[in-house]
1. Just for the stretch 122-148: of the residues that are under 16 Å from the mean Cα position of the chain (by Cα) and open to solvent by 40 Å² or more (accessible area, probe 1.4 Å), which one is nearest to ALA212 (Cα to Cα)?
2. Could you please find all residues in the stretch 274-286 being of a type outside the set (A, V, I, L, M, F, W, C) and either open to solvent by 30 Å² or more (accessible area, probe 1.4 Å) or touching a Leu at 6+ places or on another chain (Cβ under 7 Å) (or both)?
3. Considering (1) modelled with pLDDT under 85; (2) buried (at least 19 other Cβ atoms within 10 Å of the Cβ); (3) part of a helix (DSSP H, G or I), say which one GLY219 fails and leave the rest.
4. Going through the stretch 393-410 one residue at a time, which ones are assigned to a helix (DSSP H, G or I) and open to solvent by 70 Å² or more (accessible area, probe 1.4 Å)?
5. Return the residues of the stretch 258-315 that are hydrophobic (A, V, I, L, M, F, W, C) and either out of contact with any helix residue (DSSP H, G or I) (no Cβ under 7 Å at 6 or more places or on another chain) or at positive phi (or both); say none if nothing qualifies.
6. What do you reckon, is ARG73 modelled with pLDDT under 90, basic (Lys, Arg) and open to solvent by less than 70 Å² (accessible area, probe 1.4 Å)?
7. What single numbered condition from (1) open to solvent by 10 Å² or more (accessible area, probe 1.4 Å); (2) part of a helix (DSSP H, G or I); (3) among the aliphatic types (A, V, I, L, M) fails to hold for ALA422?
8. Could we say that GLU356 is under 30 Å from SER258 (Cβ atoms) and either open to solvent by 40 Å² or more (accessible area, probe 1.4 Å) or among the acidic types (Asp, Glu) (or both) here?
Amino acid sequence: MSAADAQITDAHNALASGDSLSVTDVVQSALRDYPLIHITQEELNASAANIRLARTAYLPRIDGLAQFNRATRNNVFGALLPQNTLPLISGPVIGTNNGGSVWGSATGLLISWQPFDFGLRHANVEAARAARDKADAAVQRSQLEVGTAAADTFLTLIAARQTEKSAAAAVDNWDVLLRSTHALASAQLRPGADESRIDAERAMAQTQLVYARQAEELGLAALAKFIPHANDSGTAFDASRLLNELPASADEELPFKSDQNPVMAEQRATTAQSSAQLHATERSWVPQFNLEGAGYARGTGAETNGQRLTGANGLVPNVQNYAVGVNITFPFMDFASIHAREAAQAATLRANRASEQLSDRNLQEQFAKAKATLHAAREIAANTPIEVKSAHIAFDQARARYQAGLAPIDDVAQAQRLVVQAEIDDSIARLNVWRALLQFDAARGDIQPFLQAASK
């Protein structure tokens with residue numbers, strides 16, 4: 001069992017047992033169950049089958065025939081243009097024209113094989129291989145996109161939960177302060193306006209909590225796209241490492257190579273497929289050589305003198321023949337259509353090559369942006385703990401000064417909002433480092449380093 005298969009099995013076991021799901025479990029489950037993965041995999045299977053189909057052109061063609069009929073034997077001199085309506089008749093013209101019929105039979109075997117074709121069959125096989133390579137690259141690209149989207153959705157959900165946690169703590173803090181202020185106001189030690197101000201601040205915090213819970217529910221709904229039943233009440237998520245630790249930065253300065261990204265691999269495969277199809281089209285306007293061998297027998301109830309044999313005469317083929325030869329055909333007037341197809345395919349090839357260059361530039365830009373975002377996220381994450389610590393100190397001091405009657409309620413309210421925002425900033429900053437690392441590795445074309453760092 002490969003490492004990827006083992007991770008998928010572990011994710012499946014975690015889902016079945018109801019354990020807390022990590023970001024790795026979510027990604028591996030999405031890679032196993034998400035319909036887009038199955039679509040691209042079946043397209044790859046179809047492309048592999050098309051290679052086998054193209055190779056069958058090298059095999060000889062064998063056609064068999066058995067025929068029994070009851071027909072008249074009237075015949076005339078003259079020619080007919082090629083057509084598919086009138087039955088063929090053989091034999092001399094006997095000068096009669098009546099409805100008498102006789103039995104006829106025929107059996108035969110025709111073997112046809114092309115000894116050479118000026119590279120046409122090989123070109124078709126190579127075109128099928130190129131299509132298979134493109135489908136394989138599409139599978140890798142879809143796995144990268146689905147895995148990245150699943151991991152990003154998981155991080156979004158955890159961020160929403162942290163925001164909800166901070167908002168709920170703010171509501172609790174305002175409840176505590178409201179009770180103490182109510183007691184002081186009742187004893188006429190604080191003005192009643194302070195209690196009203198705290199009520200307003202608590203209502204604002206409650207509104208923020210409602211928005212946070214909505215964001216969490218939206219995150220669960222989005223995650224359910226990758227993991228069915230993710231929004232069940234019993235589903236737990238493990239994000240302790242993502243919230244408490246930051247990933248190492250050992251590989252972030254390695255040079256970027258766009259050809260390692262499946263998006264680029266798919267684009268190169270598309271270009272190769274167009275080139276192979278153009279080559280096959282160029283080999284289409286050539287003579288076709290067929291070695292043919294036939295053996296056949298016929299039976300008839302008609303005699304050359306005009307007599308008709310009675311009974312079952314003609315039902316058994318009793319006159320045998322064979323033939324061996326070479327059949328050479330050349331479609332002279334196909335030149336115009338083939339030339340037009342070549343021009344169209346050549347234009348498609350040039351467009352694909354330009355798209356390949358565009359993909360390379362887009363990936364270079366994506367990587368540069370992801371690298372800049374990752375560096376900025378690390379700096380912010382290093383700064384937010386200072387923000388949290390200072391905000392808590394400022395809040396404790398403001399509350400103590402308010403309780404001692406040395407500061408107005410506005411100072412407490414401002415300090416409380418600062419604490420909530422600092423805690424949210426700190427949680428989001430850590431998650432943003434992981435999110436930036438995810439996008440950084442996705443630009444490189446492999447999110448396994450991210451998953452390994454997240455699961456240590």
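The values are calculated or read from the model by the stated rules, or taken from the named source; none is laboratory data. This one's a predicted model, so the numbers in the text were calculated from it and none came from an experiment. Neighbour counts are summed over all protein chains in view; Cβ atoms, including those assigned to glycine, are modelled from backbone coordinates with ideal geometry. Surface areas here come from the heavy atoms of the whole protein model, side chains and all, with no ligands, DNA or RNA. Shrake-Rupley method; radii C 1.70, N 1.55, O 1.52, S 1.80 Å.
1. Ranking the candidates gives GLU145 first.
2. Within the stretch 274-286, SER274, SER275, GLN277, HIS279, GLU282, ARG283, SER284 meet the criteria.
3. Here GLY219 meets the rest and fails (1).
4. Scanning the stretch 393-410 gives ILE393, ASP396, GLN397, ARG399, ARG401, GLN403, ASP410.
5. PHE289, LEU291, ALA294, ALA297, ALA302, LEU309, ALA312, LEU315
6. Judged against the criteria, ARG73 is a match.
7. So ALA422 meets the others, but not (1).
8. So GLU356 passes the test.
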